[in-house]
Every structure is written in C-alpha cells, then in structure tokens.
1. Within region 181-190, restricting attention to residues that are out of contact with any Asp or Glu (no Cβ under 9 Å at 6 or more places or on another chain) and not in a strand (DSSP E or B), which residue is farthest from Gly116 (Cα to Cα)?
2. For Tyr76, which of the numbered conditions (1) closer than 18 Å to Arg270 by Cα; (2) open to solvent by less than 10 Å² (accessible area, probe 1.4 Å); (3) modelled with pLDDT under 95 fails to hold?
3. What are the residues in region 93-137 that are basic (Lys, Arg) and within 12 Å of the chain's Cα centre (by Cα), if any?
4. Report whether or not Ala130 is open to solvent by 10 Å² or more (accessible area, probe 1.4 Å), at pLDDT 95 or above and not in a strand (DSSP E or B).
5. With respect to the numbered conditions (1) closer than 23 Å to Asp380 by Cβ; (2) surrounded by 21 or more Cβ atoms within 10 Å (Cβ to Cβ); (3) among the hydroxyl-bearing types (Ser, Thr, Tyr), which one is the sole condition not fulfilled by Thr322?
6. Are there any pairs with C-beta distances below 8 angstrom linking a residue in region 252-276 that is farther than 13 Å from Val294 by Cα to a residue that is among the small types (Gly, Ala, Ser) and open to solvent by 50 Å² or more (accessible area, probe 1.4 Å), with the two at least 6 apart or on different chains, and if so which?
7. Can you confirm whether Thr252 is open to solvent by 10 Å² or more (accessible area, probe 1.4 Å) and under 30 Å from Leu68 (Cβ atoms)?
8. In the set Ala111, Ala145, which member is among the hydrophobic types (A, V, I, L, M, F, W, C), touching a Ser or Thr at 6+ places or on another chain (Cβ under 9 Å) and farther than 14 Å from Val73 by Cα?
Amino acid sequence: MSETSSTTAGPEPVAPGGGSGTAQAGPDGSAAPGFEQALRPHAEDTFAGELAALAAADDRTRPARWKLSPWAVATYLLGGTLPDGTVITPKYVGPRRIVEVAVTTLATDRALLLLGVPGTAKTWVSEHLAAAISGDSTLLVQGTAGTPEEAIRYGWNYAQLLTHGPTPDALVHSPVMRAMAEGRIARIEELTRIPADVQDTLITILSEKTLPIPELGTETQAVRGFNMIATANDRDRGVNELSSALRRRFNTVVLPLPATAEEEVDIVSRRVDQLGRGLDLPAAPRGADEIRRVVTVFRELRGGVTEDGRTKVKSPSGTLSTAEAISVVTGGLALAAHFGDGVLRASDIAAGILGAVVRDPAADRLVWQEYLETVVRGRDGWKDFYRACREVSA
C-alpha cells in the first residue's frame, strides 16, 4: 500500500533511476540531494539511507546478486530497529507471513504474482521488493491492452536494421531482457491486461530461463539473481485470464485489504504524511479525525455494513480502496493548505469522498444519499461532516 522532497537550486539534472545506491535519504525518508527535483523518486533513491544501513548490519546469507538477505528485505518492507538504532520505516502494513512468502519465492526459481483488489499496494510492494533485492526498481513493463510482444522480449532499432540488417547493435533490449542479463528483478504491472498471446511469451523465459533471438541465431540466458514480479487485479480476472501453463510458473500471493480500521488509518496516515512532505504541504493539525472518517466511510460502504454491525448499507460500484482514501485525504490537505487555514476539516474531504463514491452518476448517487441519511446524519460528532457532504452533493 505508493515520497519526494522540496526542490533545490542547482544545475545538476535529476539522476535517472537505476539503483546506483549513491543517494542518501534523510532521516524522514525524504529523497537525497540530487533527487529533489523528481516528483516521485524511485524507492531505491528515496530510501537509500535505510537500504545502506540494512546492508551494513546484514550478516545473513544473501542469494546471488541480492543486495540484502531475505531477512533484511523483509525488515525493509515491514520496518524495525537495527542494532545501531537506525529506524527502518514500514513500507507495507499487513501480515508478516505474506511478505516472508513473497521474499522467499523470489529467492527460488519461481516468479512472484501479487494478486489483489485495486488499492492493496501491489505496485508499491513490487517496487520496494525490487529496490531492496536488486537496488533497481526501474526494469518495468506496464501492462495494457496494447502492450506488444517487443515490450517483454526485445525490439529493433529500425534505422540500423534497415542499414545493416539484424545485428547485436540493432537489438533493443526490453526491461525483462536486461534483468535476465544482469541478474536483477523484472517487474510486470497489470499482467492480466496484456493480451494472452503476449503473456505467453513469458513461458519460455520463466521455465527455461532463456530468451531465444532467432534473427541472430543466439539467445540471452538468465544469470543467477534474475526473477520476476507481476501484479494482477482481482477484478480483472476476466480481461485476459492467465493460461494454466503461465500460472504454474508463478507463485501467487494475495494481498488483502487492511484487516482493521486502525491498520487502515495507520496506512493512510503514513502515506499522506509522505506525500504531503513531497508536495510541500503543511502537516495537518487535528487531521487524524478526518482520516478516520474517510476510512470509516470507505470500509462501511465497501463492506455493506456499518462498523457496529447493526445497519446494512448498499455498496457503490467503485472499489473504495485504501489508495483512494489516501488520494481523498491528500486532496483535502491541499485544499486546507491553499484555500483554508491549514487545518484539515470535513469540508475539505467531502468533495473527494463524493468523487470516489459516485462513479455511476445514477446508481451510486442513490447509494451515497441513502448512506448519508440513514448512517451519517444520526452519528454522534458527525454533524459537520453530514452538512459538508450534503452541500457538495446538492
């Protein structure tokens, strides 16, 4: 469950992602000098200080080409305190066993498939796993309905191809091909959105650990350290279902929604704080109450029942994920900072909640209005929230 800092003057361009490991993050997790100009630095740059501290303290066995041991990778994701007092901030709040299974999978020859509903931090976990293991989270293929086979295998520089024919210099390496040659982690986002025939190009890569290049009469063999993390949306199972042959090459780990309201409030608070610092927004005094309200509304609407279990409510068509709650609160914080007194209030989050809930203007609006009248209106301490939501819903 997605880290920038203020812009500084200077002629140096933003360093490209690539996991050089030279950047050092500040004590608050902000990006190091040289990366402040990036709106969202890569994980290995943002948390370079924590990764360096873990590497220095890590005396356990590391798989080939891993920057950290599996124990240290899990600690990086889940948080902890090192013997020298360095505090590792949690990147993922959830069951420890899920992270341990994911890390252990990547230490074998099985690829990892992170499965879950939208907003369960699949991409976030994928990025941080790659950053901790390879020091490079940028070897990424974004899956869409138009993702071509070349995005996974390789392509050609057509100017050189027409001039000299198929030569090694004309070959354009895909992120997966680079990961194989360098022994790193490749990432594929939204695997089930990729057309089925393109998906199946992964079968040889994952089973034989080789990528044939028939035009050159050669192949790229994966070196030790190579593996793959793919993500897929639970709600997209019917888009391009994985073939049984491809599914067997993955070990599937399901990322659940936060189990409790307290856990979800903690996740939202942490991410809003990180995003707020990156956007130069002031901290939100008394913002915790509004964060809890957003989380409560989202949990009740997606669960179909109030938190006390006494009243059933209708669920809207949207997912109302933790990621959307983070977006609503961050938007409210920006409103409070730029058009208010900096204090996050119900009026700052009402419009964001309406936009998140009402995706279908006809059906969802009725669901929202019924929820306001039957649940929110009579809830103690929520009168200001009710009035704000009624005002933006009018």
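1. Keep residues of region 181-190 that are out of contact with any Asp or Glu (no Cβ under 9 Å at 6 or more places or on another chain), which gives 181, 183, 186, 188-189.
Those left that are additionally not in a strand (DSSP E or B): 181, 183.
Numbers: Ala181: 30, Gly183: 27 Å.
Among those residues, the one meeting the criterion is Ala181.
2. Just one mismatch for Tyr76, condition (3).
3. Narrowing region 93-137 to residues basic (Lys, Arg): 96-97, 110, 122.
Selection gives Lys122 alone.
4. When the stated conditions are applied, Ala130 does not pass them.
5. (1)
6. Note: pairs meeting the criteria are Arg271/Ser2; Asp273/Ala283; Gly276/Ala283.
7. Yes, satisfied.
8. Numbers: Ala145 fails: touching a Ser or Thr at 6+ places or on another chain (Cβ under 9 Å).
The unique qualifying residue is Ala111.
The values are calculated or read from the model by the stated rules, or taken from the named source; none is laboratory data. In this text, all values refer to a predicted model and were calculated from it rather than measured experimentally. FYI the Cβ positions are ideal-geometry reconstructions off the backbone, even for glycines, and counts take in every protein chain you see. Just the protein is used for accessible areas: all its heavy atoms, side chains included, with ligands, DNA and RNA removed. Shrake-Rupley method; radii C 1.70, N 1.55, O 1.52, S 1.80 Å.
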